[in-house]
Amino acid sequence: MVIQKISLQRESLGEIAYRHLFEAFLNDALIPGTRLLMDDLAEQMGISRTPIREALQRLEREGVIEAHGRRGYVVRETTAEELNQQYQARSAIERFAMEQLTIDGDAGPRLRAMLDELTARPQETADQVFRANRDFHRGVLEMLDNELLEEMFDLVWNRGLTSGIWAKLARDEDCVEKFYADHLALIESIESGDIETAHVAGLAHINAGRAMYEI
């Protein structure tokens with residue numbers, strides 16, 4: 001297991017450690033069952049245990065890892081039931097956002113501009129694919145200006161870090177084209193002005209995401 005050493009920046013060390021671990025989960029460098037020891041991680045990243053502890057405690061709160069022994073954690077295995085719950089929660093949050101924007105009636109141009117910007121980003125690694133997809137759905141939600149919903153969104157999306165699905169998507173040669181087409185369909189359903197159309201499109205998108213997992 002190799003975790004990139006950290007160089008000092010203005011960003012807090014705890015946040016940087018969290019981000020490095022986050023990327024390791026997405027790229028399958030840390031898979032379910034892997035033990036994470038604070039001392040080992042601190043040595044690999046070249047920092048003290050305090051920011052490592054902060055990062056690990058945050059990941060534990062998000063359900064990605066769980067405590068295992070003294071000063072240690074283990075990467076959790078995501079069960080089929082947990083994935084079902086994750087996607088049910090996504091459906092509730094994201095379809096509500098689509099409903100509100102459909103009622104609003106003028107979100108189309110902003111959504112299309114956001115999709116164009118995200119599609120122009122590189123999507124060659126699992127981290128890049130994850131962030132493009134998450135940023136689109138979070139961008140939709142941010143248009144409601146509801147911080148509590150945004151916090152719920154972040155918690156739900158981070159539950160799927162250890163599934164391996166994002167690395168799989170990054171290997172798909174048509175990844176960018178599919179990303180654009182899938183999310184354009186959501187925008188068009190919002191632009192239709194019909195709540196039922198938006199609900200159906202949102203549910204189909206969520207169900208397609210859940211179907212990609214092998215459990």
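Structural remarks
- Between helix 126-142 and the chain: long-axis angle, C-alpha atoms, 0 to 90°, nearest 10: 50 degrees
- A dipole drawn for the chain from +1 and -1 charges on Cβ atoms has a positive end, and of Leu101, Ala181, Gly139 the residue lying farthest that way is Gly139.
- Proximal charge balance of Ala67 [Cβ under 14 Å; K/R count +1, D/E count -1]: +4
- Computed FRET value (nearest 0.05) for Asp174 with Leu144, which takes r as the C-beta separation and R₀ as 30 Å: 0.45
- Using Cβ point charges alone (K and R +1, D and E -1), the dipole size of the chain about the Cα centre works out to roughly 960 debye.
- Rounded to the nearest whole angstrom, the semi-axes of the ellipsoid equivalent to region 80-211, taken from the Cα gyration tensor as √(5λ), stand at 22, 18, 14, largest first.
- For the chain, the longest principal axis of the C-alpha atoms and the axis of helix 195-211 are separated by about 30°.
- Taking Cα centre as origin and charging only the Cβ of basic (Lys, Arg, +1) and acidic (Asp, Glu, -1) residues, the dipole magnitude of region 51-138 rounds to 340 debye.
Values in this text are rule-based calculations from the coordinates and carry no lab data. Keep in mind it's a predicted model, so treat the numbers as computed, not measured. Cβ atoms come from the backbone with ideal geometry, glycine included; neighbour counts cover every protein chain shown.
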